[in-house]
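Before any comments, here is the structure.
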Amino acid sequence: MTQEYIRLLARKFFEGTASEEEKQLLHEWYDQLIEDEGPQNIATLKPEGPDEIRERMQANIRNRQQQRPAKPFGWVRRLTAWSSAAAAVVIVGFLLWANERKPAPALSRLVQAPFGKTLKVSLPDGSHIWLNAGSSLSYPVAFKGKTREVVLREGQAFFDISRDTTKPFIVHAKTLDITVLGTSFDVKAYQNDPDIKVTVKTGKVGVKVRDKPGQPALMLLPAEQAVVAEKAQNIQVNEISKPAIAPWKDNRMVFEDELLVEVLHALERKYDQHIIIEKPELSTEKISLTLNDQPMNDVLKVLGFSKNFNYSQLNDSTIVIR
C-alpha cells in the first residue's frame with residue numbers, strides 16, 4: 001500500500017467513516033509494520049480491553065506518520081487548491097461587500113416645457129419651479145446628502161425655494177452655479193441667447209462661475225440681475241424693476257432695454273414659431289415693451305413699425321424678417 005493510501009485509511013479511521021474492510025487493511029499494515037521492526041513491549045498496569053488497544057493503535061499510527069514524512073506533492077496540490085479556493089471566497093466576498101457599499105445611483109427626473117406652454121414643477125422639499133416655453137430641468141426624486149441640486153439643462157426657470165439653512169439649494173445652468181438657502185429668483189440660460197441672466201426677486205442669491213473655483217460667489221439682492229456673457233464669463237450686475245422679473249409665468253412679457261434678437265427668440269418660444277432674420281443691422285437693436293397675450297401678427301406689426309423692418313409669413317410655422 002502507498003503512503004497516500006495509508007494516510008487516507010488513517011484519516012477515515014480517525015473520523016469514524018472507515019469500512020470494516022478498510023479497518024482490516026489498516027490493521028494488517030500495522031501488524032506488518034510491527035513484524036518488520038521486531039517485537040514491541042508494552043507495559044500496562046492491567047490487561048488491555050478493545051478500546052485501549054484501538055487508542056494505542058491510533059497513537060502508534062500518528063507517531064509513524066510524523067516520523068515518515070510523506071511526499072509533499074499531494075499535500076502541495078491540496079494546499080494550493082485550498083489556498084485558491086480561499087482566495088476566491090475572499091475575492092468574491094470583497095466584491096459583494098464593495099457592491100453593497102457602493103452608493104446606489106440617484107434617481108432623477110427630466111421635465112420639459114414644450115414651445116408655446118409653461119410648466120410648474122413641485123420638488124420633494126416643497127420648493128416650486130416654473131419652466132418657460134422650450135425649457136428643460138432635471139432633479140433628483142429625493143434630495144440626499146448635504147445639498148439640494150438641480151440642473152437647468154436649457155431655457156428659463158423661476159425658482160421659489162423652501163428655506164433650509166442646513167441644506168443649500170444649487171442650480172447648475174450652463175457655466176454658472178447658483179446657490180441659495182431659501183429665496184425666489186429667475187434664471188435665463190437658453191442655448192441661442194448669448195448671455196446667462198440671474199434675477200433675484202426675494203432673498204439673497206450667490207452666483208459663481210464654475211470654471212473659476214477660487215473666485216468667491218457674487219451675492220445678489222432683490223431687484224438685482226447678474227448678466228454673464230457665456231464666452232467672457234465676467235459677471236455684470238444691473239438693477240431691474242420687479243415687474244420685469246419672471247412675468248412670463250403669468251403669461252406676460254416685459255422687456256427692459258433688451259436686445260431685439262432676444263425679444264424675437266422669446267416670441268418664437270411663446271408662439272411656437274420659427275423666425276428668420278435677414279436684416280443684419282437688427283442684431284444690435286434694443287427695445288423696451290410689455291406684452292400680454294396679443295396675437296403674433298399684432299406684435300410683429302408694432303415691432304416692425306418701431307424698428308423699421310418688414311416681415312412675411314412663409315407658412316404656418318415660419319416667419320421671415322427683412
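The values are calculated or read from the model by the stated rules, or taken from the named source; none is laboratory data. Computed from a predicted structure; not experimentally measured. Cβ: placed from backbone, ideal geometry, glycine included. Neighbour counts: every protein chain shown. Just so you know, the surface numbers come from the protein's heavy atoms only, side chains and all, with ligands and any DNA or RNA stripped out. Shrake-Rupley method; radii C 1.70, N 1.55, O 1.52, S 1.80 Å.
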Specify the residue that is farthest from residue 255 (Cα to Cα); the eligible residues are those in segment 293-322 that are part of a loop (DSSP other than H, G, I, E, B) and touching a strand residue (DSSP E or B) at 6+ places or on another chain (Cβ under 8 Å).
314
Answer with yes or no whether residue 251 is more than 18 Å from residue 192 (Cα to Cα) and in contact (Cβ under 8 Å) with a residue 40 or more places away in the chain.
yes
Given the conditions (1) assigned to a strand (DSSP E or B); (2) closer than 18 Å to residue 155 by Cβ; (3) not hydrophobic (A, V, I, L, M, F, W, C), and given that residue 249 satisfies all but one, which numbered condition is not satisfied?
(1)
If I ask for residues that are open to solvent by less than 50 Å² (accessible area, probe 1.4 Å) and either outside any strand (DSSP E or B) or charged (D, E, K, R) (or both), which ones from segment 108-141 would you list?
116, 123, 125, 126, 127, 132, 133, 134
Between 120, 144, which is under 22 Å from the mean Cα position of the chain (by Cα) and either closer than 19 Å to residue 269 by Cα or not hydroxyl-bearing (Ser, Thr, Tyr) (or both)?
144
Taking the condition of being over 25 Å from residue 240 (Cβ atoms), of a type in the set (Phe, Trp, Tyr) and touching a helix residue (DSSP H, G or I) at 6+ places or on another chain (Cβ under 8 Å), how many residues in segment 264-322 meet it?
2
State all residues of segment 241-270 that are more than 36 Å from the chain's Cα centre (by Cα) and open to solvent by 30 Å² or more (accessible area, probe 1.4 Å); if no residue qualifies, say none.
241, 242, 243, 252, 256, 257, 259, 261
